[in-house]
Structure formats: structure tokens, C-alpha cells
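For reference, the structure discussed in these notes is given below.
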Amino acid sequence: MRTLRLFAFASFTGLLAAAAPAKDHSYADLLRKMTDLKGLAVLPEAGEKCYQFSSYDRASKTPDNAKGWNANADFGKYLRKDGDEHVMADAEGPGCIVRIWSANPAGVLKIYIDGAAEPAVAAPTQQITIKSWQAADRTPAPAGTQEAWVFPEPIGTAAVSSAFCGRRAAGWNLYFPIPFQKHVKVTVSGAQKPERIYYHVNIQSYPAGTTLPSWSMDLVKRNAPLVKEIFAALSAPAEDVSLAAGETQALTLLPQERFETVLYGPAAVTMAAAKVTAQDLRKALREVVLRITFDDAAVPQVWTPLGDFFGSMPGYNLYASLPLGMTKDCMYCRWYMPFKESAKIELINEGPQQVSVVGTVRVEPIGWSDNLGHFHAKWRRTPKNAEFDWPFIEAKGRGRVVGVAMGIFNPQRGWWGEGDEKIWIDGEPFPSTFGTGSEDYFGYAWCNTALFQHAYHNQTLCEGPGNANNTSVNRWHIIDSLPFLQSIRFTIEDWPLGNTIGKDYCAVTYWYAAAGGKDFFAPAPLADRAPRTAMRPFRFPSVLEGEEMAILAGADAGMQDTSGYRGQWSNNAHLWWRPKAPGAKLTLGFDVAKEGEYKVSALMTRSWDYGIVRISINGKAAAETFDGFSGEPKLCVPSGPVALGSFALVKGRNTLSIEVVGKHANSPGYYVGLDGIFMSR
């Protein structure tokens, strides 16, 4: 392999000293943490921890009990009930609420700070997570709440999504520091169905002896200028990103060629940007490897495909966030990367095509301190995964996790990951973070396919149809970083298991660690990095799809994705009709090219709550009725061919009618599924 070398290629700025951990924090300090990427490199002290209260299913107690561990009723679970208030979180200080999320916020959210009898926050939960605590619409506030949480702009915005809060792809989010010195309690009351609420409350704890302010609205108002500054920075994280902002280097990597540059310290990389061109860019971004070794470590701290490093995969997907992004101009990185003596940056083209790169690296001298950790970013992938708790990272040593970028290939249109995140810190027997669903961890909800972008979390790709094919999501732990002193294990459930349907998980995990730390990552060969290409659903030959027929009469019918069920339906879907009683009728239209007598068979669905139906074509009934009851609870399977008989069909539009005539004694319903029909003359 030929190597191209360039030494000390970088733009330098002024000298900075490493900050020592502080014992006293003003509210301004906590606000600045929202954009402080340098502070993430400071190694944690004893007493630092980030943990989560959530509505996870309490049947999950130990992986030794698989049924309980896999339990999925992740809603309506609380610590207790105080009067008419359901307690979501109850924590000792010093600490700070850093994130609140819900899929379906309802009722009144109350936050009690440091033992106060009256809540510091008491407002509609939806208002807090979407309207930045301002009742701008002047709708009546629920009894016992504070209606006019009126902040100066930009906090008091009525926008659906903003830097501090918002509804993104059906997930309701609040990222804002709410500190407490001694104690905090978070409750919800007045919701019509509290037993259905999904929620997370994330808390960052501080070492004993740390002084934090007790949150109040007045505290925020006194810091309004800084709040506006932080809001602006989070609202436009890529505003100053440009390759033209620094000295650039252009290079061409031939197949099997390596580029290398060495930077000398003590210094820190503060920004890097690159523009890549190739005949097949999507493949090139996986074929070229980025490898970075700080201070002559035996194992590089960064190993990842070049494109995936920038937070979206596979390919080039436009988005802008605080630490990483892909703009029309370039891919950029703002992760802070300190080193004491040297940083060796390598680009290795392991693919068969020529790749051109124009890049820049911005470096600033620093005063090195042993309380700084080295930046790490590593990639892993498991096609047809067989591990229920799929690890983002397993590492030993001292450090903090600051982000995850995940790529999913899903061969079905249904949901890819009903998976709770679990985080074990320093060998704890039960995870101190236990989530409620894959999309919930990434800040959205309900398997939503809408793309969104934010400084802290993004869905950058969802190829579809539905949730099929490639999806890319990320979340950056900036004010909610995950410190560990001895070890961390961070997983996300793969439910149902990928090896049953051919799912493919890959991810880049980003963290800081002290020298000498260990992790479980290993470089992946080129053959294991190839991006998956979009799959088309299999269709049975000559079948007229039921879900594609015109609905001429009837109600409560539409396409349903069947790819998550046992068996094979044509086009991974069927027409699902939901009648409520015998006598209900659905009429469909289908077209035939030539008039004549045809033998017609149907492909139906059998399930545990399906009824008995009579099928007619052009007014002529089939010889026998069809019983859709599957015979087993929750069992849903394709029927196979069901002969209907011979029918005279006309050229053009014909009709197929389905009438409910009854149900099996053990079936609780009258539902019907039609996969399609096929004909022969």
C-alpha cells in the first residue's frame, strides 16, 4: 500500500489551557454546557453520573428471565403516587435535570426543587415540551398551573420545534438545565390516561460538595442574554462551517493508497471538514477508513468508515447538528480532540475506486492536563444480528460517552427496533438508564419516518417504504454526557431479533477516555462494510394485490404491513378490513384485460380475531365460505390459495365483495385480510 505523507497540516489558533473541574456552578455555567464541546474532554470525577427515570416495563428485572427482560409495556409506570400526582422522578442532589421526553405528554407537569412545598414548574406538559413555557395561544390553563410562562424571545416561541424544546417526528423534547442542590421531584397529574404515558427524565448528578443554584423562573430571566446566545448557537449549528474558513489540502487516493499527516502537541483539533468526490460516493464513504492515533497509543482511538464518522450512514445525507453534520459544502466535525504530544491522522482507501478529498483541520495549542481524555470514535456492524441487547459500546477505564450515530437496514416496512436502551455504569447490577423504545432514545416516537434535524438529535435518512431499507439516526450527549469511572456497557434492544428477518445494525459510538482504557471494538474488513441496497418487496407472480384494489363500498379497510408476521404475503402487505358485526359488506374493484370465464383463487389471511366470510365476484358467490380464524392466540399467517370457483369476468372493471357471515366460537372479532387473487382461464 502506497502512503502519502504530509506533516503538520493544520490551521493554528491561540493558546488555551485545560479547565479544571469546578466545585461551584452558576446558572450561567450550566447554560454554557449546552454548547461546550471542549468541556466534554475533561475526565469525570467521583460522584458524576447521568441516569434516567422512565416508564419502562417493571417486569424487566434480570436478563436471566428473558420473558420479563423483553417485556414491552413501557408506559404508565411511575415510582409512586403522591395524592393525585404520579411521581416520574425523585432524586437527591446536587444535580440537574437535563432532558425530558415523552411520546404522548398529557396533564400537568410539576417540578419541586429542594424540598419546596410549591412546585417551581407547574404547567401543561405539552406546553413545556413544545411551546417553551409560554401560553402564547391564551388557551385556558388547567387548574393549579401557571398560565403565563412568558419569556422574552426567543425562549417564548410558539414554534412547534425550537432549540430548547419541540415536537420532532412525533417525539416531544425538552433540553434545558433545571438544577437543584438537595432534591428534585417531578410529577404529572390531571392526565385523562396517565397509565398510557411514555416518559423519560434525565438527570446529571454532581460530586458531593458541589454547589448548584436552585432553579427558578427568575434565575432564567436574569440570564436572558446568555439564554438567547445559547439558543442562537443551537438553532444554527452549521452557520460558520465552510471549507473556505481555513487552509485546505487536496489529495487523490488511488485504490489501496493511504494518506497520513502528523500534528504535534500539546494541542487540540477543534474543527475538521472534508469534501469527498468519487464515481460511487455512497460506496466510497464506506471504503475509505478514517484512523486517528493520539500520543502514539498502541491502538488507534478513532477507527471508522470516513462517511459514517460524520454522523449519518450510509452515503451523504444533509443535516446539521452541533458536533457533526453534512452540508452542501462539506462534512464537518467539531468534536474537541486534545493530545499531549502527537496526533496521527490517516485516510486509507481500501476500495477499488479512486477517491478525491479536499479537507481542512483546525488546531489550537493547549496547556496539557492529565484530567483530559482522548477522543474516541469507533464503528461496528452486525448483519443478521443475533444479540438481543445490541452493544453500542463496552469499555473499561475512565471517561464519558458523548454520542451515538446508528444505521439500520430493515428488509420490512414495519418497525425496526422496539428496543429499549440500557446503560450500565461502573458494573452496576441493573442499568441506571433503562429506556422505552429505540426511537424514544433518539428523541422521536411512534416509529415515525419523518426526517428531522436538531443540534442534539437527528433522523437523517429513512428510505422507505415505511421503515424499510436504510434508516440513519443519531443522538449527541452534550449536557447529558455519560460519565464512567471504571466501565460502561451501553446497549439497545433488537426486537424482534435481526437474525429472524435479516436486519442489519451498525453504529459509530463517540467517547472520551483516559490513556490505558480498553474497548471491545475491532476494525471491520471492507467486505463487511458494504452498504446495503434498497430491497423491493417480493410479489407473487400474476397476483392482483388486495391492498391495491379500489374500495367501492364499505368502511374501515386499508393496507396493513404484514412483514413482521410469520409467513410470506405478496408485497409484504394485505388489505385489512375491520368490520364489527355479521352482515357487514366490503366491495372492491379490479380490472381484467380480456373478457371470459376464469378460475379464481384468493390469498387470504388467518388470525386469532378474524371472522367467517362469503366472497362473491360480479354478484356470484363462491361455493364455500372462508373461516379466517387461525386457532391460536396472536397467530397471524397467510392462508395459502383458497379456490373460489369459476366466474364470468368482463373486460375492464369487475367487483369482488366480501360479506361477514359469522365467526368461530373462539374468535373475539370479525376482521378480514385479503392478500390478493389470481386467475386462470
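No value in this document is a laboratory result; all are computed from the given coordinates. Remember, it's a predicted structure, so these values are computed and weren't measured experimentally. Virtual Cβ from ideal backbone geometry, glycine too; neighbours counted across all protein chains shown.
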Counting other Cβ atoms within 10 Å, keep those with at most 16, restrict to DSSP loop, and tell me which GluC sites (Glu not before Pro) in the stretch 376-472 are left. GLU387
Mind checking the angle between helix 224-235 and the chain's longest principal axis? C-alpha axes, 0 to 90 degrees, to the nearest 10. 50 degrees
Check which residues have an amide H placed less than 5 Å from GLY325's amide H, if you skip close sequence neighbours. TYR332
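Based on the mean of other beta carbon atoms within 10 Å per residue, what is the order of 620-628, 520-528, most packed first?
Peptide ranking by packing, descending: 620-628, 520-528.
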Taking H as built 1.01 Å from N, whose amide H comes closer than 5 Å to the amide H of CYS636, not counting residues under 5 places away? ARG566
Counting Lys and Arg as +1 and Asp and Glu as -1, each charge on the Cβ, what is the dipole of the chain about the Cα centre in debye, to the nearest 20? 1020 debye
Given 633-639, 573-579, the highest-first ranking by average Cβ count within 10 Å works out to 573-579, 633-639
The stretch 336-396 and the stretch 505-554: distance between their alpha carbon centers, rounded to Å: 23 Å
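Need the full-extension length gain, THR587 to ALA297, defined as separation in residues times 0.36 nm minus the C-alpha distance. One decimal, nm.
Details: separation 290, 0.36 × 290 = 104.40 nm, distance 7.04 nm.
Taking 0.36 nm per residue and subtracting the Cα distance, the gain is 97.4 nm.
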Distances over 26 Å make up what percent of all Cα-Cα pairs in the stretch 544-680? 16 percent
Name the residue farthest towards the positive end of the dipole of the chain from the options ASN173, GLY419, GLN353, assuming +1 on Cβ of Lys and Arg, -1 on Cβ of Asp and Glu, about the Cα centre. GLN353
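Can you pull the Kirkwood radius for the stretch 167-220, inverse mean 1/r over Cα pairs, to one decimal in Å?
Numbers: mean 1/r = 0.0708 Å⁻¹.
In the stretch 167-220 this quantity evaluates to 14.1 Å.
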Would you mind calculating the gained length between LYS23 and ASN666 on full extension (0.36 nm times residue separation, minus the Cα-Cα distance), in nm to one decimal? 224.9 nm
For LYS580 and PHE538, what is the calculated FRET efficiency with R₀ set at 41 Å and r taken between the beta-carbons, to the nearest 0.05? 0.80
If R0 is 51 Å, what FRET efficiency do you get for GLU92 and THR252 from their C-beta distance, rounded to 0.05? 0.30
With respect to the cross-link table entries LYS38/LYS182; LYS38/LYS340; LYS23/LYS182; LYS275/LYS378; LYS38/LYS422, which display a Cα-Cα separation exceeding 18 Å? LYS38/LYS182; LYS275/LYS378; LYS38/LYS422
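Give, in nm to one decimal, the length gained when the segment between MET217 and VAL262 is fully stretched (0.36 nm per residue of separation minus the Cα-Cα distance).
Numbers: separation 45, 0.36 × 45 = 16.20 nm, distance 4.93 nm.
Stretched fully, the MET217-VAL262 segment lengthens by 11.3 nm.
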Proximal lysines relative to LYS620, as straight alpha-carbon distance under 25 Å, when same-chain residues fewer than 8 apart are discounted: LYS580, LYS585, LYS594, LYS599, LYS651, LYS663
Tell me the chymotrypsin sites (Phe, Trp or Tyr not before Pro) within the stretch 370-413 that lie in a loop according to DSSP and have at most 12 other beta-carbon atoms within 10 Å. none
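Helix-only mean residue ellipticity at 222 nm, the chain, DSSP H runs n ≥ 4 weighted -39,500 (n - 2.57), per residue, nearest 500. What is it?
Values: 9 runs with 53 residues, N = 681.
Value at 222 nm, helices only, nearest 500: -1500 deg cm²/dmol.
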Taking a label point 7 Å from the Cα of GLU387 along Cα-to-Cβ, the residues of the stretch 465-494 whose backbone nitrogen sits under 18 Å from it are 487-494
Considering the dipole of the stretch 222-343 built from charges on the beta carbon (Lys and Arg +1, Asp and Glu -1) around the Cα centre, which of MET271, PRO314, LEU254 is farthest to its positive end? PRO314
For a quick check: with amide H placed at 1.01 Å from N, whose amide H comes under 5 Å from THR433's, ignoring anything fewer than 5 positions away on the same chain? GLN52, ILE423
Can you tell me the dipole magnitude for the stretch 161-265 around its Cα centre, using point charges on the Cβ only (Lys, Arg +1; Asp, Glu -1), in Debye to the nearest 20? 840 debye
Quick one: of the DSSP bridges fully inside the chain, what percent are antiparallel, nearest 5? 95 percent
For the peptides 97-103, 165-171, what is the packing order when you average, over each peptide's residues, the other Cβ atoms within 10 Å and list the highest mean first? 97-103, 165-171
Dimensionless Rg/Rh of the stretch 260-361 - Kirkwood Rh, Rg from C-alpha atoms: 0.96
Residue-wise HN-Hα coupling along the stretch 335-343, computed from phi with Karplus coefficients 6.51, -1.76, 1.60 (Hz; x: Gly, Pro): 4, 7, 10, x, 8, 7, 10, 7, 9
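For the chain, divide the Cα radius of gyration by the Kirkwood radius and give the resulting Rg/Rh value with two decimals.
A ratio of 1.03.
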Which of the lysines could a cross-linker span from LYS193 if the Cα-Cα distance has to be under 19 Å and same-chain partners fewer than 8 positions apart are dropped? LYS77, LYS81, LYS110
